[in-house]
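Q: Can you read through this structure? Questions will come right after.
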Ligand code: AMP
């Protein structure tokens, strides 16, 4: 299953992708998690990406696209993947179509998780993340079993550097300016499925699974992109 999960920061893309990974097969590929791993490991890409991430800005397309091309060519992605946080610009969406067409693939479904702004702010300000395994919690609605510790690996949970009120505000502006056109791009090509993201993790997951399982198998010719 080749699936893209779209939605504003806090819509639940990461939570859903983790829940869907086991049910649908194919790795959960999160550009945000990949970039944070580069920052943690001190790679050249991490050093280039960090200032953008800390400011709530998008990392330049050229860096993201080469990282993703490499990732999507890995053997575990050959039969499917769940993309979370990518594409985030119209250029990235076109490049993804072109890349998939080149390797004879296409997207099965693009899921857009819809959540009202007030709920997004509430979710982001209470969010806590495990820096080791990237699992996500919420202080009120999804707390860990032991306060402040990851259920899975025991690591101390953190609030991400880009989850201060000022940076959250900037991430929403960037989302409106850069990522809403991605929604329009997939809507125009008839591939967008909007899902109410406020009905609870289990219900949202079941709805997304239903959509993905009933999606028509893609063919590269359905791609919007012209082959180079
Ligand atoms: P996320 O964990 O998806 O919220 O991403 C955290 C940050 O990583 C974003 O605010 C961006 O700075 C950067 N980032 C993640 N994915 C992308 C992408 N597809 N394009 C550009 N920047 C990205």
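Q: So residue 36 clears everything in (1) within 24 Å of residue 205 (Cβ to Cβ); (2) at pLDDT below 95; (3) more than 8 Å from the ligand (Cβ to nearest atom); (4) touching a helix residue (DSSP H, G or I) at 6+ places or on another chain (Cβ under 9 Å) except one condition, right? Which one?
A: It fails just one condition, (3).
Q: Please verify whether residue 5 is touching a residue at least 24 places away in the same chain (Cβ under 8 Å), within 15 Å of residue 195 (Cα to Cα) and in contact with a strand residue (DSSP E or B) (Cβ under 9 Å, 6 or more places away or on another chain), treating the condition exactly as stated.
A: Criteria met by residue 5.
Q: Let me ask something else about it. Confirm whether residue 35 is at negative phi, surrounded by 19 or more Cβ atoms within 10 Å (Cβ to Cβ) and in contact with a strand residue (DSSP E or B) (Cβ under 8 Å, 6 or more places away or on another chain).
A: Considered against the rule, which asks whether it is at negative phi, surrounded by 19 or more Cβ atoms within 10 Å (Cβ to Cβ) and in contact with a strand residue (DSSP E or B) (Cβ under 8 Å, 6 or more places away or on another chain), residue 35 comes out as no.
Q: I would also like to ask the following. With respect to residue 149, is the statement that it is more than 16 Å from the ligand (Cβ to nearest atom) and closer than 25 Å to residue 52 by Cα true?
A: Against the criterion (more than 16 Å from the ligand (Cβ to nearest atom) and closer than 25 Å to residue 52 by Cα), residue 149 does not qualify.
Q: Counting only residues that are free of Cβ contacts under 8 Å to residues at least 24 places away in the same chain and either in contact with a strand residue (DSSP E or B) (Cβ under 8 Å, 6 or more places away or on another chain) or more than 16 Å from the ligand (Cβ to nearest atom) (or both), how many does the stretch 63-111 have?
A: Result for the stretch 63-111: 3.
Q: Pick out the one residue from 59, 4 that is within 12 Å of the ligand (Cβ to nearest atom), over 13 Å from the mean Cα position of the chain (by Cα) and buried (at least 16 other Cβ atoms within 10 Å of the Cβ). Working first, answer last.
A: Details: 4 fails: over 13 Å from the mean Cα position of the chain (by Cα).
Answer to the check: 59.
Q: Let me ask another. Report, by residue number, each residue of the stretch 45-62 that is within 27 Å of residue 26 (Cβ to Cβ) and touching a residue at least 40 places away in the same chain (Cβ under 8 Å).
A: Result: 53, 58.
Q: Also, quick follow-up: Taking the stretch 39-56 only, how many residues are modelled with pLDDT under 95, part of a loop (DSSP other than H, G, I, E, B) and either away from the ligand (no atom under 14 Å from the Cβ) or more than 16 Å from the chain's Cα centre (by Cα) (or both)?
A: Of the residues in that region, 0 qualify.
Q: What number of residues within the stretch 7-33 satisfy the criterion of being more than 11 Å from the chain's Cα centre (by Cα) and either within 21 Å of residue 70 (Cα to Cα) or modelled with pLDDT of 95 or more (or both)?
A: Number of matching residues: 4.
Q: Go through (1) touching a residue at least 24 places away in the same chain (Cβ under 8 Å); (2) surrounded by fewer than 18 Cβ atoms within 10 Å (Cβ to Cβ); (3) under 30 Å from residue 94 (Cβ atoms) one by one and return the number of the condition residue 182 breaks.
A: All conditions are met except number (2).
The values are calculated or read from the model by the stated rules, or taken from the named source; none is laboratory data. Everything quoted here is computed from the prediction, not taken from an experiment. Ideal geometry is used to build each Cβ from the backbone, glycine not excepted, and the neighbour counts take in all protein chains shown.
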